[in-house]
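A short write-up of the structure that comes next.
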Amino acid sequence: MQYNLKFRHISLRFKDIDAAANFFINKLRFHKVSELKTRQRKKIIVIKKGGLTIELFQTFNEIGDNGFLKILGFSVNDIEKTVLKMKNDGIIFTEDIKESKDSAGTHFYFTYFLGPENIKLCLYQEIKNGQKG
């Protein structure tokens, strides 16, 4: 079965997030879109260049099971239909669809599923004005 997935972003983990941001912004010429701190006081910096968006996540611990990769995210037009199709194909989702807002103020629905070797993957659907899930 075919899914209408579009690349959305990739999230990477770094212990020294300021050095990582400096590298991407000053060496690779990305521009900073936003910066915020989580409840755990970890910094998240979102950078962009062309159609590529990267979320830089600060970590205080060892790099996780996925290595430096935190999340690979895909955008879909209808998250509920896509999740149903993917579940029918045996794809394992780790949580229900949730609603959130990113640091740029964009509202979206999202959920996580497992890929090869249990890599964490994510589906996103941007919520347009007046749109219901």
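The values are calculated or read from the model by the stated rules, or taken from the named source; none is laboratory data. Just so we're clear, the structure is a prediction, and the values are computed from it rather than from any experiment. Cβ sites come from the backbone with ideal geometry, for glycine too, and all protein chains shown count toward neighbours.
Assorted remarks:
- Tallying residues that are surrounded by 15 or more Cβ atoms within 10 Å (Cβ to Cβ) and either free of Cβ contacts under 8 Å to residues at least 40 places away in the same chain or of a type in the set (Gly, Ala, Ser) (or both) within the range 1-29 yields 5.
- Test for Glu55: is it over 22 Å from Asn129 (Cβ atoms) and in a strand (DSSP E or B): yes
- Residue within the range 80-97 that is farther than 22 Å from Lys128 by Cα, surrounded by 18 or more Cβ atoms within 10 Å (Cβ to Cβ), touching a helix residue (DSSP H, G or I) at 6+ places or on another chain (Cβ under 7 Å) and modelled with pLDDT under 90 present: no
- Any chance Lys48 is under 15 Å from the mean Cα position of the chain (by Cα), modelled with pLDDT of 85 or more and among the basic types (Lys, Arg): yes
- Residue under evaluation Ala104, criteria (1) assigned to a strand (DSSP E or B); (2) loosely packed, with under 13 Cβ neighbours inside 10 Å, criterion not met: (1)
- Candidate set from the range 30-62 (those that are among the aromatic types (Phe, Trp, Tyr) and surrounded by 15 or more Cβ atoms within 10 Å (Cβ to Cβ)); member that is nearest to Asp102 (Cα to Cα): Phe57
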